[in-house]
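Shown next, in structure tokens, is the structure this report addresses.
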Amino acid sequence: MQWTRRHLLGLEDLSREEIELILDTAEEFYEAGEPGQRIKHADLQGKVVVTLFFEPSTRTRISFGRAARLLSADTIDFAASGSSVSKGETFIDTAKNIEALGIDVAVVRHSMPGSPHLLAQHLDCSVVNAGDGAHEHPTQGLLDIFTIRQLKGRVDGLTVGLVGDIAHSRVARSNIHGLVKLGARVIVCGPPTLVPDTIERLGVEVAHRLDDILPCCDVVNVLRIQFERQRGGLFPSIQEYSRLFGMHGERLKRAKPDLVLLAPGPINRGVELTPEVADGPHSAILRQVTNGLAVRMAVLSLLCGQPGASRD
Ligand code: CP
């Protein structure tokens with residue numbers, strides 16, 4: 001199939017075929033440059049990519065910048081802190097002024113759900129959602145699914161547990177939309193206060209006891225507690241949360257021997273995952289980061305209409 005979209009705003013909008021096209025394109029980049037994608041491509045020669053971040057980021061921002069440079073794009077890195085946003089300049093004005101410098105792709109992260117959709121209405125360039133509040137984080141969802149497909153050889157028919165703060169997690173939503181479309185059985189698991197009542201409408205099952213679902217999971221994606229999006233009081237204590245929903249060595253004995261453990265990062269060591277588990281044999285956490293580069297190269301290349309233009 002041909003990619004026809006100008007923006008990547010979420011996985012909810014995409015068809016199964018579109019998701020598979022991104023994953024297949026990412027696989028081409030991965031095969032050409034693994035590990036670490038050090039091979040340069042000319043797909044985005046003459047293009048300019050701006051990372052427009054109004055919220056903190058380590059992985060996503062650096063990964064998009066590196067992906068763009070590996071595709072031979074020029075890059076601009078904007079962070080709201082230290083910018084004229086502090087003088088009252090609006091989100092839209094900020095983005096329009098940066099676009100006036102000559103931009104082809106704006107990669108945007110903002111705490112407001114729907115902010116990339118708003119930018120897409122006001123800008124002529126392509127817009128990529130790099131995380132909008134608790135709504136979506138499509139490239140994180142794609143890289144999680146890419147990693148599952150890489151390690152398990154398929155997504156269809158697998159059982160994937162999404163564990164933790166489902167209510168405030170944009171990663172959960174993008175995972176759900178992508179995984180359900182690709183035929184996975186998705187079980188969301190967390191304290192009742194951190195699982196929205198309506199989540200089953202997205203095609204998932206709900207559980208509140210991790211020990212009950214762990215033995216049937218092929219993959220568990222451990223989500224961070226989004227303290228910055230909570231008003232507090234959603235569970236009695238960190239210690240109790242960790243005891244009931246944290247991944248630790250003893251609990252892992254209940255899991256399948258070939259369980260793949262994902263976490264989007266950053267991780268709260270000792271809360272959602274003990275260090276022995278985060279750094280242990282089931283963990284694919286750093287592989288996810290490496291794979292994110294190939295996925296973001298694929299997204300940028302497809303949006304600019306150039307996938308494989310420079311390759312044999
Ligand atoms: N997973 C993720 O989005 O990490 P950052 O917040 O560091 O970009």
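Values in this text are rule-based calculations from the coordinates and carry no lab data. As the structure is a prediction and not an experimental result, all values here were calculated from the model. Here the Cβ positions follow ideal geometry from the backbone for every residue, glycine too, while neighbour counts run over all protein chains shown.
Could you please report the charge total around THR274, scoring K, R as +1 and D, E as -1 over all other residues with beta-carbon less than 11 angstrom from its beta-carbon?
Residues close to THR274 contribute a combined charge of -2.
Return a whole-number percent for the relative contact order of the chain, with Cα pairs under 8 Å and 6 or more residues apart as the contact set. Present the calculation step by step, with values, prior to reporting the outcome.
On the way: 596 pairs, mean separation 67.8, N = 312.
The value is 22 percent.
Sticking with the crude label model, points 7 Å out along Cα→Cβ, report the distance from LEU244 to GLU89 in nm, one decimal please.
4.6
Is there a quick way to get the dipole size of segment 166-271? I mean about its Cα centre, with the Cβ of Lys and Arg at +1 and of Asp and Glu at -1; what is the value in debye to the nearest 20?
240
What FRET efficiency, computed as 1/(1 + (r/R0)^6) with R0 = 22 Å and r the Cβ-Cβ distance, is obtained for GLN2 and LEU151, rounded to the nearest 0.05?
Given R0 = 22 Å and the Cβ-Cβ separation, E is 0.15.
Per residue, what volume in Å³ does the convex hull of the Cα atoms of segment 28-133 enclose?
Spelled out: Cα convex hull of segment 28-133, divided by residues, is 105 Å³.
Around GLN150, under 9 Å between beta carbons, what's the net of Lys plus Arg minus Asp minus Glu among the other residues? Walk me through the intermediate numbers first.
Working: positive: ARG149, LYS152, ARG287; negative: GLU27.
Cβ neighbours under 9 Å give a net charge of +2.
Give me, ordered by chain and number, the residues 5 or more places off CYS217 or on other chains with an amide H under 5 Å from its own placed amide H.
Hits under the 5 Å cutoff: LYS256.
Gaussian network model of the chain, Cα springs within a sub-10 Å range: biggest mean-square fluctuation belongs to which of ASP258, ASP132, ASP74?
The residue with the greatest mean-square fluctuation here is ASP258.
Suppose we take every Cα in segment 138-288 and form the convex hull; what volume per residue is that in Å³?
98
Say we join alpha carbon atoms closer than 10 Å with springs in a Gaussian network model of the chain; which of GLY141, GLY131, GLY203 then has the biggest fluctuation?
GLY203
Add +1 for every Lys or Arg and -1 for every Asp or Glu among the other residues with Cβ under 12 Å from the Cβ of GLN2, and state the total.
Computed value for this residue: -1.
Once the Cα gyration tensor of the chain is found, what semi-axes does its equivalent ellipsoid get, as square roots of 5 times the eigenvalues, in whole Å, sorted largest first?
Over the Cα atoms of the chain, the ellipsoid semi-axes are 32, 23, 17 Å.
Among SER81, ILE98, LEU179, whose Cα lies farthest out toward the positive end of the dipole of the chain, if unit charges sit on the beta carbon of Lys, Arg (+1) and Asp, Glu (-1)?
Ranked along the dipole, the leading option is SER81.
Dipole magnitude of the chain about its Cα centre, charges +1 at Lys/Arg Cβ and -1 at Asp/Glu Cβ only, in debye to the nearest 20?
420
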